[in-house]
Amino acid sequence: MEECSTGALVPAVKPEPKPSSIEASADPGSNDVDRPTHEKGLMEVDKDLLCPICMQLVKDAFLTACGHSFCYMCIITHLRNKSDCPCCAQFLSTNQLFPNFLLDKLLKKASARQISKSASPVEHFRQALQQGCEVSIKELDTLLTLLAEKKRKMEQEEAERNMQILLDFLNCLRKQKVEELNEVQTHLQFIKEDIGAVERRRMDLYRARDRYSVKLRMLGGDDSISGARKSWPSSIDNNTSSLSGRAGMSSWNLQPKKLDGWGLQKKDALSASDSQYMTQSGLAVARKKRVHSQFDELQECYLQKRRQMANQPYTQQERDKNVMQREGYTTGLADFQSVLTTLTRYSRMRVIAELRHGDLFHPANIVSSIEFDRDYELFATAGVSRCIKVFDFSSVVNDPADVHCPVVEMPTRSKLSCLSWNKFTKNHIASTDYEGIVTVWDVNTRQSVMEYEEHEKRAWSVDFSCTEPTRLVSGSDDCKVKVWCTRQETSVLDIDMKANICCVKYNPGSSNCIAVGSADHHIHYYDLRNPSQPLHVFTGHKKAVSYVKFLSNYELASASTDSTLRLWNVKENIPVRTFKGHTNEKNFVGLTVNGEYIACGSETNEVFVYHKEISKPVTWHRFGSPDLDDTDDDAGSYFISAVCWKSDSPTMLTANSQGTIKVLVLAA
């Protein structure tokens, strides 16, 4: 696909008009204060001493037969072209020019006077000595004494200034370090409090586990419980653990080498327990490695949350929502634990299904958009093949067939750029195409319900409202945002902007607020009840904004062809975080969000997943194809073109410019 900013004109700020030369010269004396001293001196010279041709002090003065004086070079140059006097227009030739010695003498005296006026006292004294002024030895001693005293005074003042500069620097440095020390002490206090809270909670968990194990042993009386018990030693009561371990061993020794079904069952239980323990240990080690790999980012995340919510305990309602009662936990620590848990849970993406989007009649296979329906049972794809294809997700994932046929196909007149399912009417889906047509389709009948043809150029984006089922919004290269109602044949609202519209999105919590990404590098956040001007313009991207997606009612993610994603708070109108790692300079590579994760494509044919609290990618997956050699020259030209999460699950649909669609799932 072409870059969305092609042909877009970024509004330029007009420079303030400069004053004309006439205005600048209207008051020639108004800028006397800013003139250098020697220029002021020239202004004070008699105008009769200026050359009428160059308007400067006459240099090498020559007198004409008509009585006017000029610079020698000025009058000679003039007489090469004309044969008259520049002042009185009488006939004049070079034979009628004579040196003006008197004027030269006067000019030298005037120049000397001007120099003496601007000279310093030291310069006057030096000139006097050079001209042979007689000075007695006593006078010289007095002058030397004064000069020495003046020198000492100046040195003293210079030393004091240097000491003051050094003192100011040291005071500033001390203030900065004290602030840093106070900050570190505050952070250490946070950490100390949180370590205590975590230790108390961990002890509670150990005690609960021990009570649970004892209760199971009392109820079941099965020796396999003791075997399983041995694989989870308690750090609270070592004596109890060792006794239960020995009791377990004694129970096993009562039936040496007995290989009946019951004995095999007990051995299987023990081996399964050991295997589970080893697996959990391996997962713990892997999660620790992930923590260390993102340690700096996690540290900043922890401190930020603790600073924001320091000493704010959970409300009773929040405690009720948690299965584990976190006594002593602050909200900041609980939030960070949630981030740490979700961040370290996954380390890679695994392919669970794959299908090809192309067909024999349309060799161009770029998938521009891929979207789940309301219930996440069906998903639709669209692109340059001029066809909307709807697939059954469970069939694609569970059927091992190499070829998956769509359950619905709807041909279109033009290449498609975007899809959006209706959040209320399951069988309705909207599309935008390269001719600027916005179409609402009925998947059941395979027919269009409404067609809107008001856009004058290619339409890039469309989105149904999450709260108002009849409303949808679209954006186009004609620099217009249009709001539609499925019950009307014309747009109900237009917003004219100054640059191409690349993406539009409704706020999931309101049918009145939309985010608009533009080729002017900005995100414009509008309240449709007052569309004359945006509520806020978010600036920070350096190139066109290609996608906007809401993580929540106040969290907005954006993608740009400057190879960054950004997270914004639309409630407080502030930037939150910038995500870097993928490559995106000219193509639409897709953007999708869920509660915790942000995913996008890359022009390196890779899918990148970010956690919303960490600016570096959590994991990424590179597309490959069995019929494409990695050394193929075309391999580097493929890029990810569309991505879509399956609700808040770790499952994601991805597609690339080759027409390959993969179902990926986050894995440990």
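The values are calculated or read from the model by the stated rules, or taken from the named source; none is laboratory data. Owing to the predicted nature of the structure, the values given are computational and were not obtained by experimental measurement. Cβ sites come from the backbone with ideal geometry, for glycine too, and all protein chains shown count toward neighbours. Calculation scope for accessible area: heavy atoms of the full protein, side chains included, ligands and nucleic acids excluded. Shrake-Rupley method; radii C 1.70, N 1.55, O 1.52, S 1.80 Å.
Just a few scattered comments:
- All C-alpha pair distances within the range 136-206, sorted into 5 Å bins from zero, spread as 3, 13, 8, 9, 7, 7, 7, 6, 7, 5, 5, 4, 4, 4, 3, 2, 2, 2, 1, 1, 0 percent across the bins.
- Rounded to the nearest 10 square angstrom, Met163 shows an accessible area of 120 square angstrom against a 1.4 Å probe.
- Over the range 136-206, accessible surface divided per residue gives 86 Å², non-protein components excluded, 1.4 Å probe.
- For the peptides 426-434, 102-110, the ranking by mean Cβ contacts within 10 Å, running from highest to lowest, is 426-434, 102-110.
- Of the two radii for the range 61-131, the radius of gyration is 1.24 times the Kirkwood radius, both from the alpha carbons; that is the Rg over Rh value.
- Exceeding the 31 Å Cα-Cα cut-off - candidates Lys457/Lys542; Lys480/Lys662; Lys505/Lys586: Lys480/Lys662
- When its C-alpha radius of gyration is set against 2.2 N^0.38 Å (N residues), the range 444-513 gives a value of 1.10.
- Cα-based Lys proximity count in the range 99-171, under 21 Å, for pairs eight or more positions apart or on separate chains: 5
- Carbon plus sulfur fraction of accessible area for the range 136-206, probe 1.4 Å, in percent: 63
- Sulfur and carbon atoms: percent of accessible area, the range 61-131 [1.4 Å]: 58
- Annotation note: trypsin sites (Lys or Arg not before Pro) in the range 534-634 located in DSSP loop regions with a Cβ neighbour count of at most 13 within 10 Å are Lys542, Lys571.
- For the range 290-301, 3J(HN,Hα) computed residue by residue from phi via the Karplus equation (6.51, -1.76, 1.60; θ = phi - 60°) reads 5, 4, 5, 5, 10, 4, 4, 5, 5, 4, 5, 4 Hz, glycine and proline entered as x.
- Under 5 Å, built H, 5+ apart or other chain: amide partners of Ser476: Trp460, Ile501
- Loop-located chymotrypsin sites (Phe, Trp or Tyr not before Pro) in the range 493-583 (DSSP state other than H, G, I, E, B) with a sparse environment of at most 16 neighbouring Cβ atoms within 10 Å: Tyr554.
- Spatial separation of Cα centroids for the range 45-112 and the range 505-535, in angstrom: 74
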